[in-house]
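Bear in mind that the values in this text are calculations on the coordinates, not laboratory data. This structure is a prediction, so every number in the text was calculated from the model and none was measured. Quick reminder, even Gly has a Cβ in these numbers, built from the backbone with ideal geometry, and neighbours come from all protein chains shown.
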Amino acid sequence: MFHRRSIAVSLRDNGYAREARTDKRVVRQIMQNGSERQAMSIPWAMEMKAVSGEDPSRLVQTLTGAILASGGWVLSRGANDSGMVSMLFEFERQACVEIYSLLIAAGLDLSQTGHIRFTELCQCTRSNQQDCGTEIASIDLEIQTFPVEAAGRSAGSKAA
């Protein structure tokens, strides 16, 4: 038994619905399916790399709180012993400027490609707010951390 889905999407904080549309269908995410890979089209699914001088555990906590406070969803997060932090999060496109700002405010130095992609997302969303503001953007973020305290201690021990 199947239920028919409406093609109208109800928007938050207003009493009318509009047809679901997107302005970006070319972003592809490669998903692992058993031994074969298959491409799946997901609008605004992005992989980004960054570096930071923050402590990995503090960075994960700060970013998680800021993303959640901005209305985003943290799907996975973690850090390993080498200082690599991985986060997968999603947010409504209408919050893209806020999300971009919080990443920079948290001390991340995004790659040039990351800055370009976020700029494209924000400009595209701004020019098509009526049509795509409630669509979901997904970010798979890898951050290599180089904590300042650890760098200072190692430099101090070499001098002694």
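Some points to look at:
- For a paramagnetic label modelled on GLU142 (point 7 Å from Cα along Cα→Cβ), amide N atoms under 17 Å away belong, within the range 51-68, to 51-52.
- The range 45-159 has equivalent-ellipsoid semi-axes of 30, 14, 11 Å, by the square roots of 5 times the alpha carbon gyration tensor eigenvalues, sorted largest first.
- Size of the range 52-108 as Cα extents on the principal axes (Å, biggest first): 35, 21, 13
- Extension gain (nm, one decimal) between MET84 and VAL51, 0.36 nm per residue minus Cα-Cα: 11.0 nm
- Amide H contacts for ALA45 (H built 1.01 Å from N in the peptide plane; partners 5 or more residues away or on another chain; cut-off under 5 Å): SER138.
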